[in-house]
């Protein structure tokens, strides 16, 4: 039981990071919670609360997960991985990707977490922030972003793969729940 709870808390940390970086939908989060509840004899209150989230109050997942999730420096790598994977898959524009990276860099308290954030990304974000229109990214900056993102993916391939696998597992779990009539 204790090992199961430790694993659940670790997974909740990744869930929070993925949700904060727009890699998961409300439905994904609720179905993840439902699947976990189905496999735990005495699910914790926070997991039940997560399962009962209303889609009109999506921001509430923060208030449920933040006290449980154990966030630490490696989470910055996972957050970056979720953002870059979404960009690479085409589900996130470059503008949204840079916005996501900016949020990771700023941190939840706007402290600018430079210790754990790649300096090459800092330079890109500063250059992007100096543009008159942030949505009009010049071709040379697009090229630089693509080069730096590819370099990061190469240097952090294990984290990038783990982030992809985590999302795949969550999405597949959601599909299995949809297809399983015993879970209705």
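Just so it is clear, none of the values below were taken in a lab; they were calculated from the coordinates. None of the values given here were measured: they were computed from a predicted structure. Ideal geometry is used to build each Cβ from the backbone, glycine not excepted, and the neighbour counts take in all protein chains shown.
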I'd like the FRET efficiency for residue 26 and residue 88, computed as 1/(1 + (r/R0)^6) with the beta carbon distance as r and R0 of 22 Å, rounded to 0.05. 0.40
Could you give the semi-axes, largest first, of the ellipsoid that matches the stretch 74-161, computed as the square roots of 5 times the alpha carbon gyration tensor eigenvalues and rounded to whole Å? 19, 16, 12
Can you tell me the length gained on complete extension of the stretch residue 99 to residue 123, counting 0.36 nm per residue apart and subtracting the Cα distance? 7.3 nm
Report the Rg/Rh value for the stretch 2-71, based on alpha-carbon coordinates and the Kirkwood definition of Rh. 0.92
Order these peptides, 125-138, 90-103, by their mean beta-carbon neighbour count within 10 angstrom, highest first. 90-103, 125-138
